[in-house]
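Single-structure report; data block below.
The values are calculated or read from the model by the stated rules, or taken from the named source; none is laboratory data. Because the structure is a prediction, the values reported are computed rather than measured. Cβ sites come from the backbone with ideal geometry, for glycine too, and all protein chains shown count toward neighbours.
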Amino acid sequence: MDLNIKKIKQPKSLSDMAYETLKASLLKMDIYRLPDDGKLDERDLAEKLGVSRTPLREAISRLVMEGFLSVAPRRGIYVVRKSKEEIIEILIVRSALEGMAARLAAVNATAADIAELKAIFAPFDSPVVKEQFLEYSTANVDFHELVLKLSGCRLLIDMANNLHEHMRWIRFRSAMFDERLPSIHREHGAIINAIENGEEAAAERLMREHIEGLAEFIDERGDNFL
């Protein structure tokens, strides 16, 4: 007799849970305002997480591989803070990846997808968007992630997502200082229109110019907030 039995899922390991908790914390903190050059105390981390050193070190190794932490022999563990030059390089690569994502989205997006893109920015009015920089920064992340999803290209999504994670706090901090928010809001609208109209080349060009604009802003003003 065949029984309708589902395979038992193994619980996450302590290493996996430590990794996810640490990474979530790193993505939320203002890494450019950390004391002591961003040095972390391994014993303190183990106590706060409630795990032994072994799973913690496994989690740290994964975060080192992803570029979020670094380990200096006989010195300790440090949060990696990207330099202005490194951030600009990330944005240059992002512009290429997300430009292609926008091109593919212009081919793949359905009417429901377009409605979802438009809904992201529906709460914002261009003249006053500067006053909503915190909420708009979150909407901006949602927009870029959705365009990537609409590309339908798993490899492209995976490559871009890692870069997105490194840029989360940069996007938030730059929004605090960026007087271009109303024009950025219009750029988002133009990208959505190009995707909606199936204009592949225009969607790619507009997305690339949009991200390259942030790279130029970081180059000119990044020293004020990094």
Test result for Ala109, exposed (fewer than 13 other Cβ atoms within 10 Å of the Cβ) and under 20 Å from Leu206 (Cα atoms): no
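Quick grid of which residues meet (1) among the aromatic types (Phe, Trp, Tyr); (2) surrounded by 15 or more Cβ atoms within 10 Å (Cβ to Cβ); (3) at pLDDT 80 or above:
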{"position": "Asn161", "(1), (2), (3)": "no, no, yes"}
{"position": "Ile211", "(1), (2), (3)": "no, yes, yes"}
{"position": "Gly222", "(1), (2), (3)": "no, yes, no"}
{"position": "Leu226", "(1), (2), (3)": "no, yes, no"}
| request: Scan the stretch 38-46 and give yes if some residue there is surrounded by 14 or more Cβ atoms within 10 Å (Cβ to Cβ) and at pLDDT below 90, otherwise no. | output: yes
